[in-house]
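Undergrad: Here you go, one structure.
The values are calculated or read from the model by the stated rules, or taken from the named source; none is laboratory data. In this text the structure is predicted, and so the values were computed from the model without any measurement. A quick note on method: Cβ atoms are made from the backbone with ideal geometry, for glycine too, and the neighbour counts reach across all protein chains shown. Ligands, DNA and RNA are stripped out before the accessible areas are found, and what is left, the full protein with its side chains, is counted by its heavy atoms. Shrake-Rupley method; radii C 1.70, N 1.55, O 1.52, S 1.80 Å.
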Amino acid sequence: MVSPGAPAERLAGPTSLGGKVRALSMRLPALAGAVMLTACSHLHWPWRHRPPPPPELVHELVITSPTGTAQLDFPQYWKRNTLVLDLQGVSGTGGVVLHPAPGTTWPVRLAVRVRPGTIGQLEVRADQRLVIPIIPGGAKPVDLELVPGVYTSKTEQILVSWAPATPP
């Protein structure tokens, strides 16, 4: 038993029940906060950015082999106001012929997406001839936008060919 004249420190000391309750009540808000943060980590907060959706495939150009015997299917999609023809899967030597889809016209801007290292140069023949060397360094694909004047709205077809890098 505690005598009536005992100091108050002995009553609320760390080994007494009152001290343990007081120490637990001091740590409880921090513990509850930690539990709440881990429980809410799966929520989609307004400042958390979601990855952009994949581009929507379109069919603006008819793509055929240079001989015109086979119709080829390469991905095409809009990137803002530029139609991107995705040629990432090509390598070695080859080519395609582009025509606008029936009932449409040429897009105002046209780009070709290639992966550096798989081909060495890209050649475009329409109203003008354009040869684009492709630097082999880099892991990400690059979009090569055709300069104005290479083709016009009256161009009948565009021949795009690729080849390995030629030595200087």
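Undergrad: Please enumerate the residues belonging to the stretch 69-117 that are over 24 Å from PRO148 (Cβ atoms) and open to solvent by less than 20 Å² (accessible area, probe 1.4 Å).
TA: Residues satisfying the conditions are VAL90, PRO116.
Undergrad: Also, quick follow-up: Which condition from (1) modelled with pLDDT of 95 or more; (2) touching an Asp or Glu at 6+ places or on another chain (Cβ under 8 Å) is the one that ASP127 breaks?
TA: That leaves (2) as the condition not met.
Undergrad: Can you tell me which residue among PRO52, PRO46 is in a loop (DSSP other than H, G, I, E, B), under 30 Å from ALA111 (Cα atoms) and at pLDDT 65 or above?
TA: Sole residue among the options that is in a loop (DSSP other than H, G, I, E, B), under 30 Å from ALA111 (Cα atoms) and at pLDDT 65 or above: PRO52.
Undergrad: Tally up the residues in the stretch 1-31 that are exposed (fewer than 10 other Cβ atoms within 10 Å of the Cβ) and modelled with pLDDT of 75 or more, please.
TA: Counting residues in the stretch 1-31 that are exposed (fewer than 10 other Cβ atoms within 10 Å of the Cβ) and modelled with pLDDT of 75 or more gives 5.
Undergrad: Also, quick follow-up: Check every one of the strands (runs of 3 or more DSSP E) wholly within the stretch 119-168 and list those with 1 or more residues that are of a type outside the set (A, V, I, L, M, F, W, C), within 21 Å of VAL108 (Cα to Cα) and open to solvent by 50 Å² or more (accessible area, probe 1.4 Å).
TA: Hits in the stretch 119-168: 121-125, 129-133, 142-145.
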